[in-house]
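Take a look at the structure below.
Just so it is clear, none of the values below were taken in a lab; they were calculated from the coordinates. None of the values given here were measured: they were computed from a predicted structure. For neighbour counting, all protein chains shown are included, and Cβ atoms are generated from backbone atoms with ideal geometry for every residue, glycine included.
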Amino acid sequence: LHRMSFPRPVRCAKFSPDGTRVAITHGKAVRIWRSPGLVREAAPMELIRTLGQGGGMGEGGGGDVLHVDWSSDGTALLGCTRD
């Protein structure tokens, strides 16, 4: 188990189907992290990518991201915003 702090409240966290990544929403951003493995590490979660920082997720999304979900093969991520 690992504990992390985020600058805003987390609304949703979803693991990818293969369990290697986790998408976490807070505010207008979605951050994708490498999931911790079974081996103990000093920094078990590594930031892979930030989506929607400052402008929502994609075109026209301006509200806070409320929910995310992975496609069944883990190649796509869907998010919905407040607006």
Quick one: if you stick a label point 7 Å off each Cα along the C-beta vector at residue 4 and residue 49, how many nm between them?
1.5
Highest mean first, what order results for 71-78, 16-23, 45-52 on Cβ atoms within 10 Å?
16-23, 45-52, 71-78
Using each residue's phi in the range 71-83, evaluate 6.51 cos²θ - 1.76 cosθ + 1.60 at θ = phi - 60° and report the 3J(HN,Hα) Karplus result to the nearest Hz, with x for Gly and Pro.
5, 4, 9, x, 8, 9, 10, 10, x, 10, 10, 5, 7
Name the residues whose placed amide hydrogens come within less than 5 Å of the amide hydrogen of residue 21, ignoring near sequence neighbours (fewer than 5 apart) on the same chain.
16, 35
